[in-house]
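**Q** There's a structure below that I have some questions on.
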Amino acid sequence: MSDRRQLALNLFIYPGGHHEAAWRYKGSAADRILDVSFYQELTQRAEAHKFDAIFFADGPALADNVRYAQRFRFEPITWLAAIAAVTRRIGLIATASTTYTEPYNLARLFASLDHLSKGRAGWNIVTTSTPQAAQNFGLPEHPPHHERYERAREYLDVITKLWDSWEDDALVNDPRSGVFADTSKIHAIDHVGKHLRVRGPLNISRSPQGRPVYVQAGSSDDGRAFAARYAEAIFTAHQTLASAQEFYADIKRQAGSFGRSSDQIKILPGISPFIGSTQAEADRLQEEFNDLIQPEYSLTQLRQMIGLDLTGFDLDGPFPRHLIDTSGARGVASRFKLVVDIVDREKPTIRQLVQRLAGARGHWVIAGTPEKIADNIQAWFEGGAADGFNVMPPWLPGGFDVFAEQVVPILRQRGLFRHDYTGNTLRDHYGLNRPASVFAHPAQAIA
Ligand SMILES: Cc1cc2nc3c(=O)[nH]c(=O)nc-3n(C[C@H](O)[C@H](O)[C@H](O)COP(=O)(O)O)c2cc1C
């Protein structure tokens, strides 16, 4: 175990790959998108390269541009259960919404995944950014941003108590004495709140990690405050070192105000690398992907991010900055700001902007040699901008293999990434404490 601070690396699996046109690329495995063995093999490779975890995003609605892209979703916990069965050490992070699920159901799903994976579950806590989800749950419209976070805070308090409702030694399971559980150590939670009413206890004993690792991906003010209060790992999107450093410092500062220690929070920006043996080769590869873009798709993505429909505009004309209504955040709050910053900083044409975003929906896209990618990762890691990265291969599986085989060895040589796992759970990999049950140690409420 190197006591030197080391990177955490996740593989962010996105069907087809993260570049919006990846599924059309000759090297991608578009035909295997429904084949569970594709994801099992990919995860086994990530485990062989000692990655911390794999991660599945999710949204309980069909994206409205599925005509042009591989954008449908498996239910992530179901998918991870199948992957858990053929892996041993790699973490398994699934996204689930606090807006469109009930805590008792979700508590059972993640406790089950943590039990069957022997302690490798993580929960990416989202309030759901896709407004279309509302109609799938009988709501006239998507609850406003602030209200979604209000419900999310109550939800976290409830589901944490459910996962803690069996103390660690409540399960006795002694056929001789005939005692299966020490019921004095199993607790109802009797929660009555503004959004939720839940009696509990949970109907399964406490899982190996106690609770799944709390992951979160908000960047707005509400999102940041939520992350600082609850998250143990934070996914985030940044285009520049400076904006990542500002986010990193702000989150760690806010967490301190909640009495949390900064080493118990891992900040993981996304990185989507196009890798070549020369810079020119890497640039050519990125161009090859951008040439496969379908503007009809890209413009719907842009509309979702900034609420502006540019259908019919000259793609090679200047981006119409004056049409952006900055009065109220429209679309995804933090992505709105990210796109406007690109427009103001780089004055792109519409085509140049959609090509910028096509790579990874606003995450950091970088093209270069393995050394250049490793240098940039090291600069963010040692520059107070990241504790690790969500690796977002432009295409799968090849985009992952080239990163794992050419960049990871360089990071190892520099002592920045593990040679082998030293623990078995996702908490071990991230260096996170295992939380005690709030019922066993009432003083230690959610910490
Ligand atoms: C790496 C990453 C992954 C995300 N995954 C999801 C997801 O799976 N489902 C979702 O609804 N939102 C996802 N989001 C969006 C966030 O949950 C959040 O809505 C968005 O970052 C806006 O932040 P805010 O909630 O603070 O406004 C993701 C964001 C990031 C940075």
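The values are calculated or read from the model by the stated rules, or taken from the named source; none is laboratory data. Everything quoted here is computed from the prediction, not taken from an experiment. Glycine gets a Cβ as well: all are built from the backbone with ideal geometry, and neighbour counts include every protein chain shown. Quick note on the areas: whole protein, heavy atoms, side chains included, nothing else; ligands and nucleic acids left out. Shrake-Rupley method; radii C 1.70, N 1.55, O 1.52, S 1.80 Å.
**Q** I'm checking my understanding of the structure. Among residues of region 87-113 that are away from the ligand (no atom under 16 Å from the Cβ) and within 16 Å of residue 52 (Cβ to Cβ), which one is surrounded by the most Cβ atoms within 10 Å (Cβ to Cβ)?
**A** So, considering only residues that are away from the ligand (no atom under 16 Å from the Cβ) and within 16 Å of residue 52 (Cβ to Cβ), the one surrounded by the most Cβ atoms within 10 Å (Cβ to Cβ) is 90.
**Q** If you don't mind, another one. Check off (1) touching a residue at least 40 places away in the same chain (Cβ under 8 Å); (2) under 19 Å from residue 56 (Cα atoms) for residue 148 and give me the number that stays unchecked.
**A** That leaves (2) as the condition not met.
**Q** Here's something else I'd like to know. For region 67-76, check the following and say yes or no: at least one residue is within 15 Å of the ligand (Cβ to nearest atom), touching a Gly at 6+ places or on another chain (Cβ under 7 Å), of a type outside the set (Val, Ile, Thr) and over 23 Å from residue 119 (Cα atoms). Reasoning before the result, please.
**A** Within region 67-76, the subset within 15 Å of the ligand (Cβ to nearest atom) is 71-76.
Checking the rest, the ones that are also touching a Gly at 6+ places or on another chain (Cβ under 7 Å) come to 73.
If we keep only those that are of a type outside the set (Val, Ile, Thr) as well, we get 73.
After this cut, where a residue has to be over 23 Å from residue 119 (Cα atoms) as well, the list is 73.
Yes: one or more hits.
**Q** Among the residues of region 153-185, which ones are in a strand (DSSP E or B) and either of a type in the set (Asp, Glu) or open to solvent by less than 50 Å² (accessible area, probe 1.4 Å) (or both)?
**A** The initial filter retains those residues of region 153-185 that are in a strand (DSSP E or B), namely 166, 171-174, 179-181.
Listed by number, the residues that qualify are 166, 174, 181.
**Q** Hey, another quick one. For residue 130, are the conditions met, namely being among the hydroxyl-bearing types (Ser, Thr, Tyr), more than 13 Å from the ligand (Cβ to nearest atom) and under 20 Å from the mean Cα position of the chain (by Cα)?
**A** For residue 130, the condition - among the hydroxyl-bearing types (Ser, Thr, Tyr), more than 13 Å from the ligand (Cβ to nearest atom) and under 20 Å from the mean Cα position of the chain (by Cα) - is not met.
**Q** Could you list all residues from region 206-216 that are β-branched (Val, Ile, Thr) and within 12 Å of the ligand (Cβ to nearest atom)?
**A** 215, the sole residue that qualifies.
**Q** Being basic (Lys, Arg) and crowded, with 19+ Cβ neighbours inside 10 Å is the requirement here; does residue 211 meet it?
**A** Details: basic (Lys, Arg): yes; crowded, with 19+ Cβ neighbours inside 10 Å: yes.
So residue 211 fits the description; yes.
**Q** Can you tell me which residue in region 45-66 is modelled with the highest pLDDT, limited to those that are more than 26 Å from residue 90 (Cβ to Cβ) and more than 14 Å from the ligand (Cβ to nearest atom)?
**A** Step by step, filter region 45-66, then rank; the result is 66.
**Q** Taking region 298-308 on its own, how many of its residues are touching a helix residue (DSSP H, G or I) at 6+ places or on another chain (Cβ under 9 Å) and either open to solvent by 80 Å² or more (accessible area, probe 1.4 Å) or closer than 17 Å to residue 66 by Cα (or both)?
**A** The number of residues fulfilling the criteria is 6.
**Q** Report, by residue number, each residue of region 131-149 that is assigned to a helix (DSSP H, G or I) and open to solvent by 60 Å² or more (accessible area, probe 1.4 Å).
**A** 131, 135, 136, 137, 145, 146, 147
Conditions tested, residue by residue: (1) touching a residue at least 24 places away in the same chain (Cβ under 8 Å); (2) open to solvent by 40 Å² or more (accessible area, probe 1.4 Å); (3) within 16 Å of the ligand (Cβ to nearest atom); (4) of a type in the set (Phe, Trp, Tyr).
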residue	(1), (2), (3), (4)
384	yes, no, no, no
392	yes, no, yes, no
395	yes, no, no, yes
422	yes, yes, no, no
427	yes, no, no, no
439	yes, yes, no, yes
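**Q** Inspect all residues belonging to region 56-65 and state whether any of them is more than 18 Å from the chain's Cα centre (by Cα) and open to solvent by 50 Å² or more (accessible area, probe 1.4 Å).
**A** yes
**Q** Search region 226-243 for residues being in contact (Cβ under 8 Å) with a residue 40 or more places away in the chain and more than 24 Å from residue 146 (Cα to Cα), and hand back the single one that is nearest to the chain's Cα centre (by Cα).
**A** 239
**Q** Just to verify a result, which residue in region 343-371, among those that are open to solvent by less than 10 Å² (accessible area, probe 1.4 Å) and within 14 Å of the ligand (Cβ to nearest atom), is farthest from residue 287 (Cα to Cα)?
**A** Top of the filtered list is 362.
**Q** Just to be sure, is residue 219 away from the ligand (no atom under 13 Å from the Cβ), among the small types (Gly, Ala, Ser), open to solvent by 10 Å² or more (accessible area, probe 1.4 Å) and assigned to a loop (DSSP other than H, G, I, E, B)?
**A** no
**Q** Among the residues of region 114-130, which ones are closer than 17 Å to residue 218 by Cα and either in a strand (DSSP E or B) or open to solvent by less than 70 Å² (accessible area, probe 1.4 Å) (or both)?
**A** Narrowing region 114-130 to residues closer than 17 Å to residue 218 by Cα: 122-130.
Within region 114-130, 122, 123, 124, 125, 126, 127, 128, 130 qualify.
**Q** Looking at region 274-297, can you tell me whether even one residue there is touching a helix residue (DSSP H, G or I) at 6+ places or on another chain (Cβ under 7 Å), part of a strand (DSSP E or B), in contact (Cβ under 8 Å) with a residue 12 or more places away in the chain and within 11 Å of the ligand (Cβ to nearest atom)?
**A** no
Let's see how each residue does on (1) open to solvent by less than 20 Å² (accessible area, probe 1.4 Å); (2) in contact with a strand residue (DSSP E or B) (Cβ under 6 Å, 6 or more places away or on another chain); (3) within 13 Å of the ligand (Cβ to nearest atom); (4) outside any strand (DSSP E or B):
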{"site": "204", "(1), (2), (3), (4)": "no, no, no, yes"}
{"site": "223", "(1), (2), (3), (4)": "yes, no, yes, yes"}
{"site": "227", "(1), (2), (3), (4)": "yes, yes, yes, yes"}
{"site": "255", "(1), (2), (3), (4)": "yes, no, no, yes"}
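**Q** Given the condition among the β-branched types (Val, Ile, Thr), outside any loop (DSSP other than H, G, I, E, B), under 18 Å from the mean Cα position of the chain (by Cα) and under 30 Å from residue 419 (Cβ atoms), answer yes or no: does some residue in region 69-77 qualify?
**A** No, because not a single residue in region 69-77 is among the β-branched types (Val, Ile, Thr), outside any loop (DSSP other than H, G, I, E, B), under 18 Å from the mean Cα position of the chain (by Cα) and under 30 Å from residue 419 (Cβ atoms).
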